[in-house]
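Below: the structure, in structure tokens.
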2 protein chains.
Amino acid sequence: MASSTSSCKVVLASSIAKALTNQVRDEIASLPRPPHLHGFLANQDPAARMYADWTAKTCKEHGVEFTLREFDREDLEDGLQNANHDDSIDGMIVYYPVFDSRRDQTLQWTVSMYKDVEGLSPQLISNMYQNIRFLDVPTNTQKSLLPCTPLAIVKILEHLQIYNTFLDYGKRLFGKRITVINRSEVVGRPLAALLANDGAEVYSVDVTGVQQFSRGSGLKKQKHESRELEGWTLEQCLPLSEVVISGVPGDKFKVPTYLIREGAVCINFSTEKNFTPDVKDKASIFVPAIGKMTIVVLIRNLIQLARAHDARRERESRSL
Amino acid sequence: MASSTSSCKVVLASSIAKALTNQVRDEIASLPRPPHLHGFLANQDPAARMYADWTAKTCKEHGVEFTLREFDREDLEDGLQNANHDDSIDGMIVYYPVFDSRRDQTLQWTVSMYKDVEGLSPQLISNMYQNIRFLDVPTNTQKSLLPCTPLAIVKILEHLQIYNTFLDYGKRLFGKRITVINRSEVVGRPLAALLANDGAEVYSVDVTGVQQFSRGSGLKKQKHESRELEGWTLEQCLPLSEVVISGVPGDKFKVPTYLIREGAVCINFSTEKNFTPDVKDKASIFVPAIGKMTIVVLIRNLIQLARAHDARRERESRSL
């Protein structure tokens, strides 16, 4: 897919998603029953309804049962609470914004972490930052789910073999230096933390400056720590980084190509184009958008929830 | 195998060789007949005889026929010439030193490149530097063999997933910076050229200074070029390099650990220890020696020669 004159491979998220989709289909086929996802729609936003329709379509393609439920927004919290206790439901997704205010967060907190396909429950988020990977430490059978967008980027990095599977699980980015441009609470900061917990040295960049996320020399720390790199800008980070991940909203910002190192892997997760076309003269791999991966990763999360759900029911029936 | 307090994986060449050995055994089993290697011994050096015995043992283990032939050194050149034309022989190995002078090189030049398991024929060496990978361009069915020690190191890097198989063949080290300490004609310089031809930026270091081997920005050049990096020392190379490969003879030289970057992959191909034990506090992977790989790679070369030999005979019999 690289142009004839450049050594850069341009990789579309759809082609990466395809590989994961096949894996996800096989896993669903091996389950005793199709997993069941409920979508909760409580607004008139056409974008939210479109996303709901898209979920329905993708679920059908993957052999997942999907039920869309519409609520008056004042009734949604009760609806979620009931769904938490409904044994026929494996996973839940809420189409935000609902109130389009801080109140939406309390809705997020209502969804049980055992059914939260989006990985946004406070306990899951906290586990992610703390580098706690299982809900049932030390038995370690049930993974603590990760939020979909950062997880989609991790899966892309795995596919591109930036994760070195020769190294031990949890340390497979050891030796990699990664710049993440965007430090939002939704994607940028969790992503930086995830990558650092996997062993990378991460330079997390936003308009306020650069922070280093790292487990320290020899990965001696169990989880990442972050510290301000005083006076640092992209000028310092980019020439060091084998991987550059950018997600700046708006069309003003462009990653300065001349600072990117030869053979770097560049990934854009903004809806805008953060990289200019000449990135292909420098990068070894360029992923221009990641959208298609996010939904596959959501279904992957659903499978894990369905498995854990079955295991929980089996334990309960045995203990009766 | 890492010590409990460090994140470094210490990887023995024997464990890497084991994986390759299985692959080699399967390939030999799939051949119409066992390949036949002739060893040529023409000196009284006990080390040479030990190496010959070791070849015999390894060949037996892999299902390869091995014949050791002893010569007076003055008769060796004729012996090699005859073997070149002997259809029952697939590969040849000469146990050097024979004359222990420049004259040994003319022996090397006598061995046909179609039977040279060690990959030391002038045409093969030239192809390697020129990044010409096949003997029959553009048909590309018969690989131009590589010399055993550099090839053993390439195979180690493949095993450690430093070669990224997501990238196209011939560009799988794009984006990697590698320091090679030793620029001998036997190993260091061919190795630096090989790695640069595969896409790496290589810093080739010896007592005279540092040379950069590289295919240039975006790998636009078909093969590597080298240039002096004026004023550079290990001080400049090591902090940049994801991979450090050292093969300095003697016990005086040690790679300064404090200059090695966090999470680097460190490989020693000297018979002495070029790295100090504290390398494990910095490196993600440390390979302390490579000897065990060299012989397996030699047998792998033999298989390729045997295959090409059969194909040649078939072509000849068809054209009769």
For the stretch A:171-188, take each phi angle, set θ = phi - 60°, evaluate the Karplus expression 6.51 cos²θ - 1.76 cosθ + 1.60, and give the result in whole Hz per residue in order, putting x for glycine and proline.
-> 10, 6, 9, 4, x, 8, 10, 10, 9, 10, 9, 2, 10, 5, 5, 7, 10, x
Along the charge dipole of the stretch A:149-292, which of A:Phe166, A:His224, A:Thr179 sits closest to the positive end, that is, farthest toward it, with unit charges on the beta carbon of Lys, Arg, Asp and Glu (+1, +1, -1, -1)?
-> A:Phe166
For the stretch A:134-142, just list the computed ³J(HN,Hα) in residue order, Karplus coefficients 6.51, -1.76 and 1.60, θ = phi - 60°, integers in Hz, with x standing in for Gly and Pro.
-> 10, 7, 10, 4, x, 5, 6, 9, 10
Toy charge model, Lys and Arg Cβ at +1, Asp and Glu Cβ at -1: the protein assembly as shown dipole around Cα centroid in debye, rounded to 20, equals 20
Heavy atoms only, probe 1.4 Å: what % of the accessible area of the stretch B:34-115 goes to carbon and sulfur, would you let me know?
-> 49
Where the stretch B:181-225 is the region considered: accessible area per residue in Å², 1.4 Å probe = 34
Ranked highest first by the average count of other Cβ atoms within 10 Å around their residues, in what order do A:131-139, B:211-219 fall?
-> B:211-219, A:131-139
May I ask you to report, in nm to one decimal and beginning with the shortest, the distances from A:Gln44 to the same position in the other copies, taking label points 7 Å along Cα-to-Cβ?
-> 10.5
For peptide A:6-12, the mean count of other chain Cβ atoms within 10 Å per residue Cβ is 4
In degrees, nearest ten, helix B:13-29 long axis to first principal axis of chain B (Cα) = 30
Got the relative contact order for the stretch A:225-278 handy, in percent, Cα pairs under 8 Å and 6 or more residues apart?
-> 39
Tensor-based shape of the stretch B:34-115 (alpha-carbon gyration tensor, a/c under 1.5 rounded, otherwise prolate or oblate) = oblate
Kindly give the distances from A:Thr208 to its copy-mates, label point to label point, with each label point 7 Å from Cα along Cα→Cβ, as nm values to one decimal ordered shortest first.
-> 5.5
Just need the relative contact order of the stretch B:34-115 here, percent rounded to a whole number, with Cα pairs under 8 Å and 6+ apart.
-> 41
Paired Rg and Dmax values of chain A, which use every Cα atom, in angstrom | 20.2, 68
Residues in the stretch B:216-243, backbone N under 18 Å from the label point at A:Thr276 (7 Å along the Cα-to-beta-carbon vector): list them, ranges by number please.
-> B:218
Could you tell me the total accessible area buried at the B-A interface, probe 1.4 Å, in square angstrom to the nearest hundred?
-> 2800
Take every residue in peptide B:160-168, count the Cβ atoms of other chains within 10 Å of its Cβ, and give the average of those counts.
-> 5
With runs of 4+ DSSP H residues as the only contributors, calculate the mean residue ellipticity of chain B at 222 nm using -39,500 (n - 2.57) per run, divided by the residue total and rounded to the nearest 500.
-> -11500 deg cm²/dmol
So what's the angle, to the nearest 10 degrees on a 0 to 90 scale, between helix B:291-319 and the longest Cα principal axis of chain B?
-> 40
Regarding the stretch A:149-292, what is the average projected area of its C-alpha convex hull, in nm²?
-> 8.1
7 Å along Cα→Cβ, label-point gaps from B:Ser14 to other copies, nm, shortest first | 5.3
Row for the protein assembly as shown, column shape: gyration tensor on C-alpha, a ≥ b ≥ c, rounded if a/c < 1.5 i.e. under 1.5, prolate if a/b over b/c, else oblate; value prolate
Helix B:148-159: angle to the longest alpha-carbon principal axis of chain B, degrees 0 to 90, nearest 10?
-> 60
How much accessible area does A:Tyr96 have with a 1.4 Å probe, in Å² rounded to the nearest 10?
-> 60
Lys, Arg +1 and Asp, Glu -1 on Cβ, resulting dipole of the stretch B:176-320 about Cα centre, debye, nearest 20 | 640
Could you work out the mean count of beta carbons from other protein chains within 10 Å of each residue's beta carbon in A:197-204?
-> 1
Go through B:69-82, B:114-127 and give me the packing order, highest mean Cβ count within 10 Å leading.
-> B:114-127, B:69-82
For the stretch A:110-123, just list the computed ³J(HN,Hα) in residue order, Karplus coefficients 6.51, -1.76 and 1.60, θ = phi - 60°, integers in Hz, with x standing in for Gly and Pro.
-> 6, 5, 4, 5, 7, 10, 8, 5, 7, x, 9, 4, x, 5
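The values are calculated or read from the model by the stated rules, or taken from the named source; none is laboratory data. Treat the numbers as computed from the prediction; the structure is a model and nothing was measured. Glycine also receives a Cβ, built like all others from the backbone with ideal geometry; neighbour counts cover every protein chain displayed. These area figures cover heavy atoms from the full protein model, side chains too; ligands, DNA and RNA do not enter into them. Shrake-Rupley method; radii C 1.70, N 1.55, O 1.52, S 1.80 Å.
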